[in-house]
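Data first, discussion second: the structure below is written as structure tokens.
The values are calculated or read from the model by the stated rules, or taken from the named source; none is laboratory data. It should be emphasised that the depicted structure is a prediction, and the values quoted were computed from it without experimental measurement. With ideal geometry, Cβ positions are generated from the backbone for all residues, glycine too; neighbour counts draw on all protein chains shown. Each accessible area value is taken on the protein alone, full model and side chains, heavy atoms only, with ligands, DNA and RNA left out. Shrake-Rupley method; radii C 1.70, N 1.55, O 1.52, S 1.80 Å.
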Amino acid sequence: MMDITGTYTDQYQLAMGQVYFLSGRKDQTAVFDYFFRKNPFKGGYTVFAGLHELLKVLEKLRFDAEDLSFLRFQGMHPDFLAYLKGFRFQGTIHACREGDLVFPTRPVVRVEAPLIEAQLIETLLLNMLNFQSLIATKASRMQRVAQGRTLIDFGLRRAQGLGGYHASRAAVIGGFAATSNVRAARDFGLAPSGTMAHSFIQSCADELTAFRQFAEGWPDNCVLLVDTYDTLKSGVPNAITVGKEMARRGHRLKAIRLDSGDLAYLAQRSRAMLDAAGLHDVKIAASNQLDEYVIKSLLEQEAPIDLFGVGTNLVTGQPDAALDGVYKLAAVDGQPLIKISENVEKITLPHAKQVFRAFNGEGRFLGADAVGIAGEPPITMMHHPFMPHKSFPLADCPLEPLLTPVMKQGRIVADSPDLPAIADFCRSRLALLPAEYQRFENPHIYKVGISTRLRDARDRLIAEHKS
Ligand SMILES: Nc1ncnc2c1ncn2[C@@H]1O[C@H](COP(=O)(O)OP(=O)(O)OP(=O)(O)O)[C@@H](O)[C@H]1O
Ligand SMILES: O=P(O)(O)OC[C@H]1O[C@H](OP(=O)(O)OP(=O)(O)O)[C@H](O)[C@@H]1O
Ligand SMILES: O=C(O)c1cccnc1
């Protein structure tokens, strides 16, 4: 994959960095928050993904010789270039666990670092976390309606360039069982999975010959694509012929794949034909522009589909092209800072902060996250961030702090879980989120509030700015 170096950033970060450097401010300690303002897909939650990949990149982030000569050519100051030559990210990061469910407006990641370093990593952090969180969320919506059926990522060919690589990782976090993307499988410890294309069948003298050849080549991993000529008149009968021949040789046809037409009708008819031939354990896979709504509909129609292959709508995050995550400054050298906006929803929250998740008596999510100043005494009341008359008591709820240290002075300190472990964690958190927050239509709004201390600190800063 592309080697990520220091120039994987926006020019303005370097422009600001040079000025922080030349004005002697580079080592001021900055606190930045990563958060987003809106759940994608009009949904009720977002799956946080991309963290451990980001941490690995940050630990090794350097400006290499090519970066430096390019920046020299662009006219960067020689002293700043000398600084970049020795650049290491040495900040401290607190973050939610990768795979957790996160909600709009409250910090998901907190970066504390020398101002110049915190600034230089902004674009990289947003690039990695926004995209993977978007795709993991999309995947989890499909997993929610798939009723335990296997979901396979087929998206690489339709992805926005190299994004497909990261999408395959995020899809697994959101609940996909496998990917056709061999490089992602190699790098992320997964078994690649796949069937065959129409071209293979077209290239042979006829469909039956194609199926026989493939079955000989892959006697224990054979999935036959049955829609090249006529699914019910030719594809399924030929697959049955080959399935029986395989059985006689002590092997098993794994599945057939439907890739066009009315998938519910064709799956039902194919299942009946396979069963009538005694091929009960041959599974049915389906693909063709699937998304969470089509999968839900197919299963409501009782389509006997065991595996869904999903490409375009997964890896491009249809219909939302991006998660709107942002990275905002909250303090410098211990001084809390704020950004004022005409739009109250865009006024930022000052201070290094902690986020607490409230649980109900049964140990499930209560539907409330409270943001407080890091280190403040336990929060007993949370307030709506912009509506002063709305508050919510928390005194009797168990609260779980969500931001834990994952990097200290540039070194990863959290265990790096493997992908299945992150996916398991995601699944366990979804099991704690009541169904009303997970429904597709008008999901219940998960409350995010702020502590009394944080509210007062913010309001003091707003008043100071106004005066
Ligand atoms: N029974 C069904 N219920 C709901 N949606 C379905 C059903 N069958 C297929 N779909 C979906 O409808 C969409 C359009 O399918 P359509 O029948 O137009 O494909 P097709 O034209 O047969 O495929 P192709 O263009 O690849 O030959 C796809 O997203 C497909 O997944
Ligand atoms: O529809 P998507 O969700 O994006 O899933 C991926 C699609 O890519 C393949 O089609 P393609 O026509 O590229 O190749 P094929 O000959 O293998 O069908 C596959 O058959 C799916 O239809
Ligand atoms: O393995 C498959 O069937 C496959 C892989 C990628 C895209 N479409 C189908």
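Seen against the Cα atoms of the chain and their longest principal axis, helix 207-217 is set at about 70 degrees.
When the accessible area of the chain is computed with all protein chains present and a 1.4 Å probe, what percentage of it is carbon and sulfur?
Details: 10780 of 20850 Å².
Of all accessible area on the chain, carbon and sulfur atoms account for 52 percent.
Computed over the alpha-carbon atoms, the chain gives an Rg to Rh ratio of 1.06, Rh here being the Kirkwood radius from the mean inverse distance.
Its Kirkwood hydrodynamic radius, worked out from the mean inverse distance over all distinct Cα pairs, puts the stretch 136-315 at 16.5 Å. In square angstrom, rounded to the nearest 10, how much accessible surface does residue 230 have for a 1.4 Å probe? Number for this one is 60 Å². Summed over the residues of the chain and divided among them, the accessible surface reaches 45 Å² per residue at a probe radius of 1.4 Å.
Across 128, 387, the residue with the most accessible area heads the list, and the full order at a 1.4 Å probe is 387, 128. Within 12 Å, Cβ to Cβ, of residue 39, how many net charges do the neighbouring residues add up to if Lys/Arg are +1 and Asp/Glu are -1? So the surrounding residues net to +3.
Distance between the C-alpha centres of the stretch 312-353 and the stretch 388-467: 14 Å, rounded to the whole angstrom. Computed across the stretch 263-318, the Kirkwood radius stands at 11.9 Å (inverse of mean 1/r, all Cα pairs). Of the beta bridges in the stretch 136-315, as assigned by DSSP with both residues counted there, near 0 percent are antiparallel. Report, to the nearest 10°, how far helix 11-22 tilts away from the longest principal axis of the Cα atoms in the chain, using its own Cα long axis and a range of 0 to 90°. Value to nearest ten degrees: 30. Annotation: the antiparallel percentage among DSSP beta bridges lying fully within the chain is about 65.
A cut-off under 10 angstrom between Cβ atoms defines the neighbours of residue 384, and their net charge, with Lys, Arg +1 and Asp, Glu -1, is +3. Listed peptides 161-174, 87-100, 372-385, 143-156 appear in the order 161-174, 87-100, 143-156, 372-385 once ranked by packing, highest mean of other Cβ atoms within 10 Å at the front. Rounded to the nearest 10 degrees, the inclination of helix 163-174 to the longest alpha-carbon principal axis of the chain is 90 degrees.
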